[in-house]
1. Which one is most open to solvent (accessible area, probe 1.4 Å) among residues in the stretch 213-228 that are in a helix (DSSP H, G or I) and aliphatic (A, V, I, L, M)?
2. Which pairs have Cβ atoms under 9 Å, sit 6 or more apart or on different chains, and link a residue in the stretch 128-150 that is on the phi > 0 side of the Ramachandran plot to one that is assigned to a loop (DSSP other than H, G, I, E, B) and open to solvent by less than 50 Å² (accessible area, probe 1.4 Å)?
3. Restrict the check to the stretch 167-179 and report whether at least one residue is modelled with pLDDT of 95 or more and in a helix (DSSP H, G or I).
4. I'm trying to understand the selection: among the residues of the stretch 128-141, which are among the hydrophobic types (A, V, I, L, M, F, W, C), open to solvent by 30 Å² or more (accessible area, probe 1.4 Å) and either farther than 16 Å from PHE102 by Cβ or out of contact with any Phe, Trp or Tyr (no Cβ under 7 Å at 6 or more places or on another chain) (or both)?
5. From the list ILE112, ILE101, which one is closer than 26 Å to ARG23 by Cβ and within 16 Å of the chain's Cα centre (by Cα)?
6. Considering only the stretch 1-43, state which residues are in contact (Cβ under 8 Å) with a residue 60 or more places away in the chain, open to solvent by 60 Å² or more (accessible area, probe 1.4 Å) and closer than 26 Å to LEU78 by Cα.
7. Got a sec? Which of GLY231, GLY209 is modelled with pLDDT of 90 or more, touching a Lys or Arg at 6+ places or on another chain (Cβ under 7 Å) and surrounded by 15 or more Cβ atoms within 10 Å (Cβ to Cβ)?
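The values are calculated or read from the model by the stated rules, or taken from the named source; none is laboratory data. Remember, it's a predicted structure, so these values are computed and weren't measured experimentally. Neighbour counts run over all protein chains shown; Cβ positions are idealised from the backbone, glycine included. Note: accessible area is taken over every heavy atom of the protein model, side chains too, but ligands, DNA and RNA are not part of it. Shrake-Rupley method; radii C 1.70, N 1.55, O 1.52, S 1.80 Å.
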Amino acid sequence: MNAIVFGASGGIGRALVEALVSRDQYTSVFAVSRQGTAPDGAIPLKADALNDADLEAVAETVGSAGDLRLCLTAIGQLHDDGALQPEKSYRHQSREGFEAIFAANTIAPALIARHMLGQMPRQGRWVFAPLSARVGSISDNRLGGWHAYRASKAALNMLVRNYAIECGRTNDAAICVGLHPGTVDTGLSAPYQANVPDRQLFSPARSAGYLLDVVDRLTPADSGHVLDWAGKRIAP
């Protein structure tokens with residue numbers, strides 16, 4: 001059986017690919033990124049996750065390789081090096097900011113699902129899991145702010161629920177979940193790490209290990225939910 005990771009050039013994505021290769025559970029591990037590079041032992045594929053033609057080519061390649069049982073999406077954005085920063089107030093919202101954040105956090109995983117869910121087997125267990133975030137929980141939101149990021153992750157969580165329902169109609173062993181990786185020492189979280197206790201700031205490798213442990217324990221009862229790095233469900 002095979003696995004694929006989108007966003008394989010990022011901190012968490014690359015760590016997930018490396019962990020999958022080292023665990024030797026999968027015959028082939030495909031690593032998809034805009035750069036088209038991959039760690040040793042993985043198969044590199046070059047694609048822009050917002051480009052349908054690129055994703056169609058990836059789907060054809062992966063489909064011809066055999067039994068795809070795991071699809072992970074580690075694509076996301078919170079800020080950039082310029083004007084795009086998490087909003088502290090509604091006054092800071094902008095159309096450009098929402099478009100950029102939703103493109104990375106919601107639209108890209110949705111397009112990946114469009115092309116990859118059809119490659120998953122019609123029988124037997126498989127897992128589709130984009131990385132989400134605890135701040136996408138509506139009921140757990142007590143601080144406000146970060147409007148575009150929170151909204152984009154809440155929208156992603158709804159998509160995961162939709163996919164779980166749809167795929168479960170034809171395969172009762174199919175699993176679609178969102179995964180919260182914790183606070184990971186990557187460029188995404190770098191400006192916001194000052195108040196994070198050392199033991200709660202994970203290296204990419206540590207987070208990837210936790211996430212794959214969660215994936216291994218998933219059952220169809222988890223499908224449609226968002227789980228954190230410890231396997232605990234996050235409230236909608």
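1. Kept after step one, since they are in a helix (DSSP H, G or I), are these residues of the stretch 213-228: 213-217, 220-222.
Of the ones still in play, those that are also aliphatic (A, V, I, L, M) are 214-215, 221.
On the way: VAL214: 4, VAL215: 4, ALA221: 69 Å².
Going through the qualifying residues, I end up with ALA221.
2. GLY144/SER89; GLY145/PRO86; GLY145/GLU87; GLY145/SER89; TRP146/LEU78; TRP146/PRO86; TRP146/GLU87
3. Of the stretch 167-179, the ones modelled with pLDDT of 95 or more are 167-179.
Retained after the next criterion (residues that are in a helix (DSSP H, G or I)): 167-168.
Yes, that holds for at least one residue.
4. Within the stretch 128-141, the subset among the hydrophobic types (A, V, I, L, M, F, W, C) is 128-129, 131, 133, 135, 138.
Checking the rest, the ones that are also open to solvent by 30 Å² or more (accessible area, probe 1.4 Å) come to 135, 138.
Within the stretch 128-141, just ILE138 meets the criteria.
5. Numbers: ILE101 fails: closer than 26 Å to ARG23 by Cβ.
Only one candidate passes the filter, namely ILE112.
6. If the condition is that a residue be in contact (Cβ under 8 Å) with a residue 60 or more places away in the chain, open to solvent by 60 Å² or more (accessible area, probe 1.4 Å) and closer than 26 Å to LEU78 by Cα, then ARG14, GLU18 are the ones that fit.
7. Numbers: GLY209 fails: touching a Lys or Arg at 6+ places or on another chain (Cβ under 7 Å).
Only one candidate passes the filter, namely GLY231.
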